[in-house]
Amino acid sequence: MKILVTGGTGFTGSHLTRCLLEKGHQVVVIDNQPGLFFEELRSLGAQIFLGSVTDRELVNSAMHGCRVVHHVAAVFRKVNLPRRVYWDVNVGGTRNVLEAALNHSVEKVVYCSTCGVHGDVKQESGDEQAPIAPEDYYQFTKYEGERVVHEFVQKGLRAVILRPAAIYGPGDPERFFKLFKLVKKGRFMMFGPGKVRYHPLYIDNLLNAFQLAAESANGRGEAYLIADEKAYSLNQLVSAIAEALGVNLAIQHYPFWPLWLAAVACEIAYKPLRVDPPLFRRRVAWFRQNRAFNISKAKRDLGYRPNVDLKQGLAMTADWYRKSGYLQ
């Protein structure tokens, strides 16, 4: 079938686009930049529209003939980016995509949100009923996007919301790559005790969830947390990365709050420069936030099963970093 993937040249979107092409689907992509795998995806047959989901005319053109839409595109956590940009893309852009999907009689829309809408999870592991408590404007606008989805479900659109945990895997040059680089040095500075829990999500497990959400008759208008089978403490996570790299790791613990104050000061100093500071509160919050989730609802309703565990996923990710020249 013909499928639209917004944000289809980014890390998650490019994996999804490649997976759909390999299954024989005709894939249309909207993204505002070429991304790391642009030429590869185009050579595989993807039809790529370079532009923003804020462009209603572009979205309508790309939507023509599509039966399924995976809406992945989003502005993601730029510190000094105006809030208006987040709102225009993550909320207004979502509205454009859903309006076009409804007008073109699309059979199913899968909206990619984030587990971050729950903020710092206060219980041992949160489920979809955990309080909505976004801690930054990115997370806030992603939840506002969910509200737009519910609005269009009321109009008759068949849509499902996925809230992925911390996505990682081959092709990720950002979040987990930073962890790999730090761990590879053999010493890791852990601010705080390192006991808060973090829930990884290997990219292939997420791709499985996208496919199930698109195909299942269940879950109309529902939100589903998507993660690997287990959450891990930060100490366990960095130790597992060290094992994947074959590194003997020493975890050195330091107090958290001096780092937090340094991040605040750094944000203030860099704000007039309109560039991202090297240290900021969202980044250092990683050391204190609990992000552990219960994925029972996705298992029950969608048949979701995360088949790749942390050891396998980290090994494949490390192998890609080495072969691609990211880790020497």
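Can you list, bin by bin at 5 Å, the percent of alpha carbon pairs in segment 146-217, starting at 0?
For segment 146-217, the pair-distance distribution reads 3, 12, 15, 17, 15, 12, 10, 7, 5, 3, 1.
Could you please report the charge total around Ser296, scoring K, R as +1 and D, E as -1 over all other residues with beta-carbon less than 15 angstrom from its beta-carbon?
Around Ser296, the surrounding residues sum to -1.
Roughly how many Å is it from the Cα centre of segment 17-48 to that of segment 169-220, as a whole number?
Using only Cα atoms to place each centre, the spacing works out to 22 Å.
Could you sort out which of Lys230/Lys299; Lys23/Lys297; Lys195/Lys299 sit more than 25 Å apart by Cα distance in this structure?
Lys23/Lys297; Lys195/Lys299
Met190's amide H: which non-local residues (gap 5+, or another chain) put their own amide H closer than 5 Å, with H modeled 1.01 Å from N in plane and none for Pro or chain starts?
Gln252, His253, Tyr254
Just to be sure I understand the model, the point goes 7 Å from the Cα along the line to the Cβ. What's the resulting Ala285 to Tyr326 distance in nm?
Simple spin-label model gives 2.4 nm for this pair.
Taking the alpha-carbon set of the chain, what are its Rg and Dmax in Å?
Rg and Dmax of the chain, Cα atoms, are 19.5, 57 Å.
Amide H of Gln26 versus every other amide H placed in the peptide plane: which residues, excluding those fewer than 5 positions away on the same chain, fall under 5 Å?
Those lying under 5 Å, H to H, from Gln26 are Lys2, Ile3.
Leaving out same-chain residues fewer than 8 places away, which aspartates and glutamates sit with a Cα under 12 Å from that of Lys108?
Glu215
Taking amide H positions as placed 1.01 Å from N in the peptide plane, with prolines and chain starts having none, which residues 5 or more places from Val75, or on another chain, fall under 5 Å of its amide H?
Counting only residues 5 or more places away or on other chains, the set is Asn90.
Values quoted throughout were computed directly from the atomic coordinates according to the rules given, and no laboratory measurement underlies them. Please read these numbers as outputs of a predicted model, since none were measured by experiment. Every residue, glycine as well, gets a Cβ built from its backbone with ideal geometry; the counts of neighbours run over all protein chains shown.
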